[in-house]
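> Pasting in a structure now, in structure tokens, and then I'll have a few things to ask.
The values are calculated or read from the model by the stated rules, or taken from the named source; none is laboratory data. Since the model is a prediction, treat every value here as computed from it, not as a measurement. FYI the Cβ positions are ideal-geometry reconstructions off the backbone, even for glycines, and counts take in every protein chain you see. Remember, those area values only see protein heavy atoms, side chains included, never the ligands or the DNA or RNA. Shrake-Rupley method; radii C 1.70, N 1.55, O 1.52, S 1.80 Å.
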Amino acid sequence: MDFADNSQRWIDAEGAETLRRARMDIGRSLVRCEDCFQTIPDKRRSAYPGVRKCVSCQEASEKDAMERF
């Protein structure tokens with residue numbers, strides 16, 4: 001085993017740990033949008049763990065964020 005192999009193992013381990021922590025921070029999806037209080041469909045909640053907004057509000061939020069730059 002050489003230096004490159006050891007480096008790659010370290011990078012892989014760090015990536016796995018980062019992903020594990022990110023998944024823990026996601027939390028549970030909301031049943032109702034935090035902005036408009038409409039029900040978030042089960043399909044969306046399953047597709048995006050930790051989702052907090054309905055599609056319309058998420059799009060508006062992203063558009064607003066892009067306009068600020």
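> Under 5 Å between amide hydrogens, which residues at least 5 positions from R32 or on another chain qualify, with H placed 1.01 Å from N in the peptide plane?
Result for R32 returns I40.
> For C57, C36, give the ranking by accessible area with the largest first, probe 1.4 Å.
In descending accessible area the options line up as C36, C57.
> Extension gain S7-A47, at 0.36 nm per residue separation less the Cα-Cα distance, in nm?
11.0 nm
> What is the spin-label model distance, in nm, from E62 to E14 if the labels are put 7 Å beyond Cα along the C-beta direction?
Using points 7 Å along Cα→Cβ, the separation is 2.9 nm.
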